[in-house]
1. Restricting to segment 409-442, name every residue that is in contact (Cβ under 8 Å) with a residue 40 or more places away in the chain and part of a helix (DSSP H, G or I).
2. Counting only residues that are within 16 Å of residue 295 (Cβ to Cβ) and hydroxyl-bearing (Ser, Thr, Tyr), how many does segment 232-269 have?
3. Determine whether segment 22-39 contains at least one residue that is within 24 Å of residue 278 (Cα to Cα) and within 13 Å of the ligand (Cβ to nearest atom).
4. Looking at 493, 471, which one is open to solvent by 20 Å² or more (accessible area, probe 1.4 Å) and in contact (Cβ under 8 Å) with a residue 60 or more places away in the chain?
5. Checking the condition assigned by TED's automatic domain parsing to the domain that holds residue 351 and without any contact (Cβ under 8 Å) to a residue 60 or more places away in the chain, which residue from 28, 41 passes?
6. Quick one: in segment 40-64, which of the residues that are assigned to a loop (DSSP other than H, G, I, E, B) and open to solvent by less than 20 Å² (accessible area, probe 1.4 Å) is farthest from the ligand (Cβ to nearest atom)?
7. So, in segment 370-408, how many residues would count as being outside any helix (DSSP H, G or I) and under 24 Å from the mean Cα position of the chain (by Cα)?
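The values are calculated or read from the model by the stated rules, or taken from the named source; none is laboratory data. It should be emphasised that the depicted structure is a prediction, and the values quoted were computed from it without experimental measurement. Here the Cβ is made from the backbone with ideal geometry for all residues, glycine too, and neighbour counts use every protein chain on show. These accessible areas exclude ligands, DNA and RNA; they are computed on the full protein's heavy atoms, side chains included. Shrake-Rupley method; radii C 1.70, N 1.55, O 1.52, S 1.80 Å.
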Amino acid sequence: MQKILIVGGGSSGWIVASYLNAVLRRAGEPLVDIALIEAPGIGRIGVGEATVPTIRNVLQAIGVEEKTFMKEADATFKQAIRFNNWHHQHDDGYYHPFDRHAMGPVDRIGADWLSSDQKRPFSEFVSPQPQLCDLGLAPKMPGARDFASPMPYAYHMDAEKFADYLCRLATSRGVGHYQDRVTDIRVGETGHIEAVHTEGGLELKADLFIDCTGFASLLIEKTLGSSLVNYSPWLLCDRAVAMRVPYDQFFSGHIRPYTTATALSAGWVWDIGLVNRRGTGYVYSSQFLDDDDAAQELKAHEGPHADDIEPRLLKFYVGRREEQWRGNCVAMGLASGFIEPLESTGLYLVEYAALMLAEHFPYKKDSMPVLAARYNAILNQRYEEILDFVNLHYCLTARSVTPFWQEVQRPERVTERLAAKLDFWRHKAPSGSDFDDHLRLFSHQSYEHILYGMGFRADEAQKGISLGQPQSIANIVEAATPRLPRHEAWLHQELGHTIPPATQ
Ligand SMILES: Cc1cc2nc3c(=O)[nH]c(=O)nc-3n(C[C@H](O)[C@H](O)[C@H](O)COP(=O)(O)OP(=O)(O)OC[C@H]3O[C@@H](n4cnc5c(N)ncnc54)[C@H](O)[C@@H]3O)c2cc1C
């Protein structure tokens, strides 16, 4: 039986271990032998709290019960991202909901909205989800089936607890677990890794190694030399200061069923509500702001209750490995690359990589180069897709209050692919046929939410007709509002969490 050794036990290591252990089976019997090694002295990054709806497919494939997972990871629901002050310094904000609007034989929704008086934001025109988010409702009713809902949703969760939960689950199902630090890696004449050696004196051999060592990229980069394709010309942020705000320190009385991303002087701050605390962090560019000022700005944004909380500094790079799979080593998670967390794509890329590896699994050693070439092409395309989509959020800003926001508007800060799309969309509202890549995460509808939320308009004549809200959307909101519980009520009723009263 082939052996897989995963090096690194953060969220990526444990997602991959649990997923491959669940799906690489025939008639219930494992096809591979999986073990994971993590260094107890090297902590996880400890962030990665917002997800996208595909996480539900992965959790289902792993075979977890939704409520058990939610309790174990302190998870709450996420239905959208709300962007505040990205277009102007003080704007009304806009939503990027997960819900996808229904299209007719020809997708005219964008064009219809553009030719209307645009009094209602685009996202409300095409989806009930922004209004459900404003009302603070859960995406599903009490008693609904695991992972099922008419409204697409994802989760916010505690990253450490999530990894610990998957660790317990995977090891109880037969995944081997070593707690030791890898100090040396032996590479054979073929360029394949033969074994890793540990501080504790172990030698661990495998047929396939998965590098989940985070930004250390111990196997794929430091050992095999797969260098970084740098995305920093288009994405300027390279640091974050993050903090946890417990509800006994401050609680508004509501747990928002969406992520909030608010623009600040040299980047943006995320705000994520869990069951007993919020996670918040300022993602910024070190070219434009120093770390102490970033911490102060984050605390000032949060309010006086954060005076005693010391933010944690995280440094990161943006880019992807030239090859995610080199020789007999596949990198996943931060070891494989990173795009800043504006659209919560870090864990999605791990899920996707695990899925693609399962599909391209090298059961025969000599098929590895062919499978690796295709795998690398697919993963590179995903990275490039996400780069362009995140880039879109910045380049359309009309904020010019600080040098950072002036810089992100410059033409050289826009990828060529995205610039070509923006030119094209001056002539026609986006539709599915504008993209050749059918595996992409972000549909043309996601693009429309950001484009119109950020004030982009096609050159179509505006007729200024008043369209109001389409009846179908109004009907959904009207039908759903009395039936869906408030988010906090669902968490209390279904998971037994005690939600504290609002702080005075
Ligand atoms: C500021 C920020 C915010 C983010 N927010 C989000 C978000 O909202 N949503 C999202 O999806 N993603 C987000 N991400 C990305 C997300 O955090 C990661 O994709 C995810 O946590 C996976 O990390 P990892 O497992 O690859 O690395 P880590 O968590 O860093 O784990 C690395 C592991 O490798 C082990 N290791 C390292 N060296 C050795 C060694 N020599 N021997 C043995 N073991 C070793 C460590 O012990 C550890 O277990 C964010 C990232 C950052 C930087």
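1. Hits for segment 409-442 are 412, 413, 432.
2. 1
3. no
4. Unique residue meeting the criteria: 493.
5. Exactly one of 28, 41 is assigned by TED's automatic domain parsing to the domain that holds residue 351 and without any contact (Cβ under 8 Å) to a residue 60 or more places away in the chain, namely 28.
6. 64
7. The initial filter retains those residues of segment 370-408 that are outside any helix (DSSP H, G or I), namely 396-402.
Then keep just the ones that are under 24 Å from the mean Cα position of the chain (by Cα); that gives 396-397.
Residues meeting the conditions: 2.
The rows are residues; the columns are (1) out of contact with any Lys or Arg (no Cβ under 8 Å at 6 or more places or on another chain); (2) surrounded by fewer than 18 Cβ atoms within 10 Å (Cβ to Cβ).
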{"residue": "134", "(1), (2)": "yes, yes"}
{"residue": "141", "(1), (2)": "no, yes"}
{"residue": "145", "(1), (2)": "yes, yes"}
{"residue": "148", "(1), (2)": "no, yes"}
{"residue": "153", "(1), (2)": "no, no"}
{"residue": "158", "(1), (2)": "yes, no"}
{"residue": "169", "(1), (2)": "yes, no"}
